[in-house]
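Colleague: Sharing a structure with you now.
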């Protein structure tokens, strides 16, 4: 009798599903990372808005520069969409900024939010 072993992709899919359930419950995933979608996307959106403002661009101008609709740029800035890596590359190219600058601003915003939360509790 041969033993059936699930494919690696099936195991990975189940692990990802369990991580998703943990995130929805506000618990850390298997790597100990907490994911609050709204806070994360708002922090990223503020970073995009800050870079756009530094360059003195409207949402429409940035959209034109990177090939995205101005409404989509606004949705990113408001934290309404979970942008793909490709979109982040397009945005930073349209801003003539390295992706690392966007990520640095995102992290600053995210940690500022966490700091505010901890001060509010304590």
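The values are calculated or read from the model by the stated rules, or taken from the named source; none is laboratory data. Being a predicted model, the structure only gives us computed values, none of them experimental. Cβ atoms come from the backbone with ideal geometry, glycine included; neighbour counts cover every protein chain shown.
Colleague: Run down 61, 40 and say which single residue is in contact (Cβ under 8 Å) with a residue 60 or more places away in the chain, in a helix (DSSP H, G or I) and out of contact with any strand residue (DSSP E or B) (no Cβ under 8 Å at 6 or more places or on another chain).
Modeller: When all the criteria are applied, what remains is 40.
Colleague: Hey, can you tell me all the residues within region 60-69 that are farther than 14 Å from residue 87 by Cβ and in contact with a helix residue (DSSP H, G or I) (Cβ under 6 Å, 6 or more places away or on another chain)?
Modeller: The answer is 60, and nothing else.
Colleague: Need the failing condition index for residue 31 against (1) within 24 Å of residue 108 (Cβ to Cβ); (2) over 15 Å from the mean Cα position of the chain (by Cα); (3) modelled with pLDDT of 95 or more, just the number.
Modeller: Every listed condition holds for residue 31 apart from (3).
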